[in-house]
Each structure stands twice: as C-alpha cells, then as structure tokens.
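Everything below concerns the one structure shown next.
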Amino acid sequence: GLIAALPTPEVQAQISLPAEVNKSFDPISISAGATSRLSVSIFNPNSFPLINASWSDNLIGIQPGLLIANPVNLTNTCAGVVTAVAGSTTLSLSGSTVPAQAGLTPGSCTVSIDVTSTTPGNLINTIPAGQLSATGGGFNITNTTPASATLRVGTVRPPTLSKSFTPNTMFVGQTSQLAIVIRNNDLTSPLTQTSVMDNLPANVVLANPVSPSFTGCG
C-alpha cells in the first residue's frame, strides 16, 4: 500500500493566515459631550509573530462627528508608535509587534483611547479590509475583513435665556437692574465659549456707572 507523507515542519512554516482587526466602543451609547473608550485590537492566528504591524483609523471616514477626547487617555499593548492627538480625527499605529498564536489562542494586542462627540445619532467607525500592514514568516500579512463599531450619541438639549428688570416700573431718569439668565438644560454637556448680545430698545441706555455683576458665568 501507499503511505501518505506528512508535511515537514519546513513546509508547514510556509502556511500563513490573514490577521484580523477588531474594534469596540465602551460604552456604546453616550450623551453628547461625554466620552467612550475606543479599542482597536489585532489578532494573529499564525505560528510566527507579526512584525512592523501598522494601521490607521479615520474616525470620520464614514460620517463626521467623532473625535479624540482631551485627555486622550492612551493605553497600548502593541508597542510601536501610536499617533492620537486630542481634538483630531485620526488614530494610527505603526512599527508594532503582535505575538504568535499560543495553542488555540491567537496572539493579540490592543490600542485604546477616549473619544467624544456632540453630533447626535449613530456614528459608524470602520477600519477597511486591507488597512493592516505587517510582515511575518516571510509573508506580507493584512486583514481580509473590515473592523466596524457604532457609537450612539444622544441629543444636546438647547439652552434657554430669560431676562428681567428690577424694578420693572420707574420714573424717567431713574435706574433699573437688567438681569439676563442663561440656562444650560443639558444634563452632561457644559456650555463653553458662551456669548450673548442684547440690543436695548430705543431710549434705553446703559447707566453710569454700569455696575455689572456675574453669577456663575465665569
């Protein structure tokens, strides 16, 4: 009879499998202006490590709204160099090493940052197939499927204004105190760079002295 020859270790070493990328948001739903943890992981199912693994994630590649939070709060188990600038919309990794598979467990590493948005809706973030670049075992390795995750951002409640005169009745030439109140009705998002312009009606002018006062307005 015939005896089938088993592949030699040298032949087996020539087999390579695509590495894959996975990403997630935690939590998957935030109020406008809050932060979520974005994690991007590389999984290596090969018997050799991945060398010089690199990828880039365009946070607004599908739709606008998502950006890197301040502080970035970066963690990186991939070594290499992570580029993540607060307020920007690009996250990238270069020059990293991903360990080989151990038993049935693929080698892996993860980059995590905080992201935020004030754009309401379901914000989709995707790293396309072929975005991962790495070498290992004499092969060029990439991801064959896209990595995608969705962050839901709640609506910002609009602020309101109110104004009053104290007293609201006076004789000609007397003074009254005008108060303008700005109310932030959102539960999580502070108002920043806030400004108000009030055009006074005819024959109403600022008193001398003006005597301005602020309460909680900075």
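Go ahead and collect, in residue order, the members of the stretch 163-193 whose backbone nitrogen is under 15 Å from a label point 7 Å along the Cα-Cβ direction of Val204.
Within reach of a label on Val204: 163-181.
Can you send over the carbon and sulfur percentage of the accessible area for the stretch 21-60, probe radius 1.4 Å, protein chains only?
On the stretch 21-60, the fraction of accessible area on carbon and sulfur atoms equals 54 percent.
How much accessible area per residue does the stretch 141-218 have, in Å², with a 1.4 Å probe?
83 Å²
Return the FRET efficiency for the residue pair Arg37, Asn185: r is the Cβ-Cβ distance, R0 is 30 Å, and the value is rounded to the nearest 0.05.
Taking R0 as 30 Å, the efficiency between Arg37 and Asn185 is 0.65.
How big is Rg to Rh over the chain, alpha-carbon atoms, Rh as the Kirkwood inverse-mean-distance radius?
Expressed as Rg/Rh, it is 1.32.
Roughly what would the spin-label model give for Thr166 and Ala79, points 7 Å off Cα along C-beta, in nm?
6.7 nm
Taking θ as phi - 60°, what are the ³J(HN,Hα) couplings along the stretch 51-62 by the Karplus curve (6.51, -1.76, 1.60), each to the nearest whole Hz, with x for Gly and Pro?
Couplings: 10, 6, 6, 9, 8, 9, 10, 8, 5, 10, x, 9 Hz.
Nearest 0.05, what FRET efficiency do Thr215 and Arg157 give at R0 = 22 Å with Cβ-Cβ as r?
Efficiency, from the Cβ-Cβ distance: 0.55.
Using a 1.4 Å probe on the protein heavy atoms only, what accessible surface does Arg37 show? Give it in Å² to the nearest 10.
Solvent-accessible area, nearest 10 Å²: 50 Å².
Ignoring ligands, DNA and RNA, please state the percent of accessible area on the stretch 68-218 from carbon and sulfur, probe 1.4 Å.
Its accessible area is 56 percent carbon and sulfur atoms.
The values are calculated or read from the model by the stated rules, or taken from the named source; none is laboratory data. Just so it is clear, the model here is predicted, and its values are computed rather than measured. So basically every Cβ, Gly included, is an ideal-geometry build from the backbone, and we count neighbours across all protein chains shown. For the accessible areas, the whole protein counts, side chains as well, though only heavy atoms, and no ligand, DNA or RNA atoms are used. Shrake-Rupley method; radii C 1.70, N 1.55, O 1.52, S 1.80 Å.
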